[in-house]
Amino acid sequence: MISWGKLMALAAILGAGAAIYWLGYLPRERTTKRLDAAAAVRKITPPLVNAAVVKRAAPTTQLTLPGNITPITEAYIYARAAGYLKQRYVDIGDRVHTGQKLADIEAPDLDQQVSQARAALAQAQGQLGQAQATLEQLTATRDLAEITWQRYKVLTADGAVSRQDGDNQATAAKTSAANVYAQQKTVRAMEEYVHASQATLDRLLALQGYERITAPFDGVITARNVDVGALISATGSTLGPTPSNGAAPSDVPREGEIFRLAEIGKLRVLVAVPQTNAPGVRVGQAATVTVQQIPNLSFPGKVARTSSSLDAQSRTLLTEVDVDNPTRVLLPGMYAEVSFITYRIDPPFLVPDAALVVRSSGTVLAVLRPLTPEEQQKVRAEGFDPATLARVRHVHFQAVEPGRDYGVEIEILDGLKIGEEVAVDPTDAVEEGALVQIAAPNSREEKTQ
């Protein structure tokens with residue numbers, strides 16, 4: 001017979017075993033089953049990916065390009081008179097006005113030619129006067145011969161004088177008329193000679209006027225290549241050696257123009273606009289000009305004109321931006337930056353910068369396309385719930401042409417359609433033809449955190 005003590009011990013052992021089973025084994029078994037079920041579901045569930053919808057960029061964009069500042073008007077001043085520089089009245093940096101004298105040229109040879117031309121004109125005028133006096137004398141002789149012939153004609157008809165005397169008077173009248181006609185031709189020739197002499201004198205006087213070099217417009221002298229005593233050629237350039245140092249100061253005399261004059265109250269900025277942005281640049285649109293040396297100032301400008309043709313080598317559109325410079329802060333030759341607000345006829349697509357995948361074959365994007373009916377049927381057969389099925393997509397790597405990179409977003413010029421979805425930060429699991437699941441908004445936030 002079993003004692004009471006042994007029964008109590010057996011009951012304690014059975015109770016402890018039951019407690020271990022219910023409190024230890026069963027919960028662990030349920031957890032294991034749940035983990036196995038979750039693993040099975042995860043195995044057949046497509047990987048989660050972040051996605052973004054393709055959208056259009058704004059129709060306007062700011063375009064900043066480098067430019068060169070040049071004078072609105074610039075003249076290379078030469079002389080037409082050959083001689084030596086007698087006096088110079090301006091130097092580089094001097095501001096001059098229209099008609100202001102810049103220099104005087106001493107040209108004794110030209111002055112002597114003017115004196116000679118005046119003497120030749122006076123001689124031609126004297127010869128013309130002499131020819132006109134001779135014409136008047138011959139005209140009087142002709143008139144007298146004509147009257148005498150008319151008298152002899154009557155006397156000859158009446159028989160008062162011989163026929164021979166009448167013929168002599170007729171011949172004398174005709175000879176006098178011929179002499180008058182010949183002298184008229186001589187007078188006309190002398191008049192033309194006088195005109196030619198006057199034209200020669202006028203030409204030399206005009207050249208003599210070039211001995212006084214004046215400013216053609218208001219501006220600043222930006223180069224002076226002559227000094228007193230310099231020899232000026234008949235073509236207007238100075239004669240002398242060219243400095244071996246091309247970077248020598250512009251106030252050092254050298255071969256070339258005598259002065260260089262620039263108007264800097266208004267400047268033009270020449271900009272080469274790339275072909276991609278050329279359609280968005282229009283004459284009359286506003287622009288902003290800045291220079292690195294003056295960071296706190298910007299200068300409003302306006303597109304004055306374009307070349308209306310792209311350069312065949314650089315594929316750029318030459319654009320001129322005019323900018324007022326009343327304070328003369330901007331200087332010709334400065335490097336500037338010009339900002340435009342350009343209008344795009346066909347704005348490019350925008351996608352997150354992280355969606356771009358660069359491969360050896362080119363740049364691609366993982367485009368997430370909706371499932372085909374066959375793929376949907378296959379996914380349903382694997383036991384996907386409707387909520388998950390609505391987020392499943394088919395991966396296709398599409399070759400694209402990237403444009404401007406804004407850091408967070410990047411332009412895509414070709415290869416996409418509006419409204420398409422692309423994978424952001426695609427992992428190695430995102431392969432061509434693979435099925436992926438677009439992460440829900442809260443999932444993306446958790447993944448980001």
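With (1) at pLDDT 90 or above; (2) open to solvent by 60 Å² or more (accessible area, probe 1.4 Å); (3) assigned to a helix (DSSP H, G or I) as the list, and residue 117 as the residue in question, which single condition is left unmet?
Of the numbered conditions (1) at pLDDT 90 or above; (2) open to solvent by 60 Å² or more (accessible area, probe 1.4 Å); (3) assigned to a helix (DSSP H, G or I), the odd one out for residue 117 is (2).
Out of the residues in the range 374-402 that are at pLDDT 80 or above and basic (Lys, Arg), which is least open to solvent (accessible area, probe 1.4 Å)?
393
Within the range 184-199, track down each residue that is touching a residue at least 60 places away in the same chain (Cβ under 8 Å) and either open to solvent by 60 Å² or more (accessible area, probe 1.4 Å) or under 30 Å from residue 96 (Cβ atoms) (or both).
191, 193, 198
For a quick check of your reading of the model, give me the residue pairs whose first member lies in the range 311-339 and is under 12 Å from residue 291 (Cα atoms) and free of Cβ contacts under 8 Å to residues at least 40 places away in the same chain, whose second is open to solvent by 60 Å² or more (accessible area, probe 1.4 Å) and hydrophobic (A, V, I, L, M, F, W, C), with beta-carbon atoms closer than 9 Å and at least 6 apart or on different chains.
Final answer for the pair search is 329/297.
Can we say residue 273 is under 30 Å from residue 97 (Cβ atoms) and touching a Phe, Trp or Tyr at 6+ places or on another chain (Cβ under 9 Å)?
So residue 273 fails the test.
Conditions first: (1) modelled with pLDDT of 85 or more; (2) under 34 Å from the mean Cα position of the chain (by Cα). Residue 421 passes all but one, so which condition is the exception?
(2) is the only condition that residue 421 fails.
With the condition kept exactly as written, say whether any residue in the range 362-369 is touching a Leu at 6+ places or on another chain (Cβ under 7 Å), closer than 30 Å to residue 50 by Cβ and open to solvent by 20 Å² or more (accessible area, probe 1.4 Å).
The answer is yes, given that some residue of the range 362-369 is touching a Leu at 6+ places or on another chain (Cβ under 7 Å), closer than 30 Å to residue 50 by Cβ and open to solvent by 20 Å² or more (accessible area, probe 1.4 Å).
Quick one: residue 285 ticks every box in (1) exposed (fewer than 14 other Cβ atoms within 10 Å of the Cβ); (2) closer than 21 Å to residue 346 by Cβ except a single one, so which number is it?
If we test residue 285 against (1) exposed (fewer than 14 other Cβ atoms within 10 Å of the Cβ); (2) closer than 21 Å to residue 346 by Cβ, just (1) comes out false.
Using the structure shown, decide if residue 306 is free of Cβ contacts under 8 Å to residues at least 40 places away in the same chain, in contact with a Lys or Arg (Cβ under 9 Å, 6 or more places away or on another chain) and in a strand (DSSP E or B).
Yes; evaluated as a whole, the condition is true for this residue.
Looking only at the range 347-360, decide whether some residue is surrounded by fewer than 13 Cβ atoms within 10 Å (Cβ to Cβ), in contact with a strand residue (DSSP E or B) (Cβ under 8 Å, 6 or more places away or on another chain), free of Cβ contacts under 8 Å to residues at least 24 places away in the same chain and small (Gly, Ala, Ser).
Among the residues of the range 347-360, not one is surrounded by fewer than 13 Cβ atoms within 10 Å (Cβ to Cβ), in contact with a strand residue (DSSP E or B) (Cβ under 8 Å, 6 or more places away or on another chain), free of Cβ contacts under 8 Å to residues at least 24 places away in the same chain and small (Gly, Ala, Ser), which makes the answer no.
List the pairs whose first member sits in the range 406-427 and is at negative phi and outside any strand (DSSP E or B), whose second member is at pLDDT below 85 and aromatic (Phe, Trp, Tyr), and whose Cβ atoms are under 7 Å apart, counting only residues at least 6 apart or on separate chains?
none
Would you please name the residue that is most open to solvent (accessible area, probe 1.4 Å), looking only at residues in the range 330-339 that are touching a Ser or Thr at 6+ places or on another chain (Cβ under 8 Å), outside any loop (DSSP other than H, G, I, E, B) and not acidic (Asp, Glu)?
This residue is 339.
So residue 272 clears everything in (1) loosely packed, with under 15 Cβ neighbours inside 10 Å; (2) modelled with pLDDT of 90 or more except one condition, right? Which one?
Looking at each condition in turn, residue 272 falls short on (1).
Here's the yes/no breakdown for (1) among the β-branched types (Val, Ile, Thr); (2) part of a helix (DSSP H, G or I); (3) at pLDDT below 90:
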site: 165; (1), (2), (3): no, yes, yes
site: 189; (1), (2), (3): no, yes, no
site: 216; (1), (2), (3): no, no, no
site: 223; (1), (2), (3): no, no, yes
site: 229; (1), (2), (3): no, no, yes
site: 234; (1), (2), (3): no, no, yes
site: 244; (1), (2), (3): no, no, yes
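The values are calculated or read from the model by the stated rules, or taken from the named source; none is laboratory data. Note that this is a predicted model, so its numbers are computed, not measured. Note that each Cβ is placed from the backbone with ideal geometry, even for glycine, and that neighbours are counted across all protein chains shown. Remember, those area values only see protein heavy atoms, side chains included, never the ligands or the DNA or RNA. Shrake-Rupley method; radii C 1.70, N 1.55, O 1.52, S 1.80 Å.
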